[in-house]
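Derivation of every value follows stated rules applied to the coordinates shown; laboratory data play no part. Bear in mind the structure is a predicted one, so any value in this text is a computation, not a measurement. Quick reminder, even Gly has a Cβ in these numbers, built from the backbone with ideal geometry, and neighbours come from all protein chains shown.
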Amino acid sequence: MATPIITVEHLTKRYVLRHQQAPRYTALRDVLADKARSFFRSASPRLTREEFLALDDVGFSVDAGDRVGIIGRNGAGKSTLLKILSRITEPSKGRITIDGRVASLLEVGTGFHPELTGRENIFLNGSILGMGRAEIASKFDEIVAFAEVEKFLDTPVKRYSSGMYVRLAFAVAAHLEPEILIVDEVLAVGDAAFQRKCLGKMESVAGEGRTVLFVSHQMDAVQRLCNKGLLLHKGRLITSGPMQQVVDRYLQHQSSSTAEVVFPILLDDPPNAHARSLRIENPEGAPLAEVPVGSPWQVRIAFTVEKPMEGFVIAIGISTLLDLPLRTSWSHARPISPGRYEVVFRNDDIHLTTGTYKLVVGLSDQGRSLQYLPDQATITISDAGAQVADARIVNYKSGMLINQMPSSIHRMD
Amino acid sequence: MSSYRIVLEPGSANRHYWRDLWNYRGLFGFLAWRDILVRYKQTAIGIAWSVLRPLLTLVVMAFIGWLFDSQLPGDVPRLLLVGAATLPWTFFSTAFSESSNSLITNSNLLSKVYFPRLIVPASTVIVCLIDFLISFVILLVLMAAYRFVPDIKILLLPLFLMLALVTAMGSGLLIAALNVKYRDFRYVVPFIVQFGLYVSPVAFSSADIYGSDRIPQALKFIYALNPMVGVIDGFRWCILGGQTILYLPGFLLSVGISVLVLILGIRYFRKTERGFADVI
């Protein structure tokens, strides 16, 4: 059963970066000028160029029927990998063998033409994605039903709402039937209900034994859909294996890089006290880039006191990214002498839902503000690798606070 | 399990290129169909534009020919003489300029899906060909008006249409591929088209050039290098019958250049197309 359908060996993709923000395309004039210059001085034009390895010696293989999740931070090389596998661009080094028909979905609605009607775009987009005319015709009704656009089939898509547009585009792609399906972050479109529908469709595609390669930043989607994972970082393959392991590794990997924020140092006229750094940790003191939803966490802030004070207070606030304050906690006012200090704020009572929140830090003395840092640090609550905090929680999208109220059901008859 | 095995390696020419091209013929059709559908959307007179544009060129060119008193072979009416040249010229100029820009206007496709890139400029040329066939109505009307009956040679017209196609396709492919990397060609193309109208026998006929004592031999040779000279002379020879003569050496030279440009165009296109997505 386990025969590799895709084999990738020593795959490298090199781009040449031009500095000084030259335009991406070259003008003939520049080439001629370069040539002329290098004619007189042999080695000058290389100075402004730098090589950039979008992929660096990546190797892996995919078995038929595997659903592979490819994860990594921005710039890890995920999209470049998909572009090479879908033959849009060629590798600089290495070798890839693919045994099967590939369809790739790197963007929703590639080739949609705004002037054409929904019906016409279904045919056009289908053929761009590699379907034959007969194949599209046979799935036409299914596509229309999935997209829920029956009434607007003969309206130009430029008059569609953006939601309708995206639904139609995804519907066409979802009805592809290749042996290998390559999907880039496309589920991040549409409303939540449609996202669920898309994910469900992807699951059923995967269930039919087709091979799927899927890039996403949504760990829950990747974990639901994929059995194998690849973790890329700056063009290198960090690890591959069962999806859960790869996700765990990714979260660990992330934590060392974003759990800690170092505040800018104020050289001129430093206030009487100022914060130096902030770190998000688990209760044992290990740094956490993303806090698993429902888990306790703590914030450790290092600060320096320059002058003795009578009523020193340090405070931490949590607000949404839209600056809606959720909670503020203050330390007890106390006299303090110059030196370096640390404070730890523990959170083990209120559980926020998944998402990113701002952490605001403030230092004051007897009600006078010394330093206020509203936009320096964030905390991310993630549902990846979470143990469900409370079995009663149905989903994390039902409110900002997920603490459950005590409830009891009494029989009344 | 499919036997469709693909090996991707740097620089390896795609061995299945022509087979792929055949497999993607559906997309070719759809792209052409899209361009036809979209071409005259939201225009008041729609498809009439494909007749009106060459018609206006025809009138202006006939007027210029009359003004400079260019020769008329036999008793061929001037409108017919100019008409037999305007149609292939209009086809060439639109096909050439639109296919040159086709890769840029479809850059979203190039960077998101794989298909043999040759499809894009080729389908653009086909769309222009359909415009040409529609505009052929002009010539039929003119013939009817002048009660002009073409002789048997008109059956050879498809051959010369083929030649026009080869010329437009070859130059279009070459410039389209260059245009991806050097956008200078966006400015070069309109210039070539404008310039071409003056050096091609649209307002005048090749007999004016070859038969002139004033024009040195070297210039006549350079004139014959223009592939559109061959195309237009061929069209006139077919449509107007025995009234015009085909100057064979010049004609063969034009044909040679057309074929050469096509070969060059395809080779350069094939060589650069794998990098299109990276630079476009």
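Structure values in brief
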{"quantity": "Length gained when the stretch B:TRP66-B:LYS271 is fully extended (0.36 nm per residue, less Cα-Cα span)", "calculated": "69.1 nm"}
{"quantity": "Descending semi-axes in Å of the stretch A:181-334, equivalent ellipsoid built from Cα gyration tensor", "calculated": "43, 18, 14"}
{"quantity": "Values of log10 I(q)/I(0), in the order q = 0.12 Å⁻¹, for the protein assembly as shown under a Debye, Cα-only, solvent-free model", "calculated": "-1.30"}
{"quantity": "Spacing of the two label points (7 Å from each Cα toward its C-beta) at B:VAL141 and A:GLU208, in nm", "calculated": "5.2 nm"}
{"quantity": "Extent along principal axes [Cα atoms of chain B; Å; largest to smallest]", "calculated": "68, 46, 36"}
{"quantity": "Span per principal axis, largest first, for the Cα atoms of the stretch A:303-378 (Å)", "calculated": "40, 23, 20"}
{"quantity": "Percent RCO, i.e. relative contact order, over the stretch A:212-327, from Cα pairs under 8 Å lying at least 6 residues apart", "calculated": "16 percent"}
{"quantity": "Pairwise FRET efficiency - A:GLN244 versus B:ARG5, Cβ, R0 = 35 Å, nearest 0.05", "calculated": "0.65"}
{"quantity": "Average partner coverage of B:270-280, which counts Cβ from other chains inside 10 Å", "calculated": "3"}
{"quantity": "Taking only Cα atoms of the stretch B:135-280, radius of gyration then Dmax in Å", "calculated": "17.7, 57"}
{"quantity": "Residues in the stretch A:222-252 that a label on A:ASP57 would reach, taking backbone N under 12 Å of a point 7 Å out along Cα→Cβ", "calculated": "A:236-237"}
{"quantity": "Nearest 10 degrees, 0 to 90: helix B:157-181 Cα axis against chain B principal axis", "calculated": "50 degrees"}
{"quantity": "Distance in nm between pseudo-label sites at A:SER337 and B:GLN194 (7 Å out along the Cβ direction from Cα)", "calculated": "8.5 nm"}
{"quantity": "Simple spin-label estimate for A:GLU115 and A:SER408 in nanometres, 7 Å along Cα-Cβ", "calculated": "7.1 nm"}
{"quantity": "Linear extension gain, A:ASP220 paired with A:ILE393, 0.36 nm per residue minus alpha-carbon span", "calculated": "60.7 nm"}
{"quantity": "0 to 90° range, to nearest 10: angle between helix A:133-147 axis and chain A longest Cα axis", "calculated": "30 degrees"}
{"quantity": "Kirkwood-type radius of chain A, with distances r between different C-alpha atoms, in Å", "calculated": "25.5 Å"}
{"quantity": "Violating pairs (Cα-Cα greater than 27 angstrom) within the set A:LYS83/A:LYS358; A:LYS139/B:LYS112; A:LYS13/B:LYS181; A:LYS197/B:LYS41; B:LYS112/B:LYS181; A:LYS78/A:LYS151", "calculated": "A:LYS83/A:LYS358; A:LYS197/B:LYS41; A:LYS78/A:LYS151"}
{"quantity": "R0 of 56 Å, Cβ-Cβ distance A:THR320-A:GLU9: FRET efficiency to nearest 0.05", "calculated": "0.75"}
{"quantity": "Volume in Å³ per residue [convex hull over Cα atoms, computed for the stretch A:279-346]", "calculated": "116 Å³"}
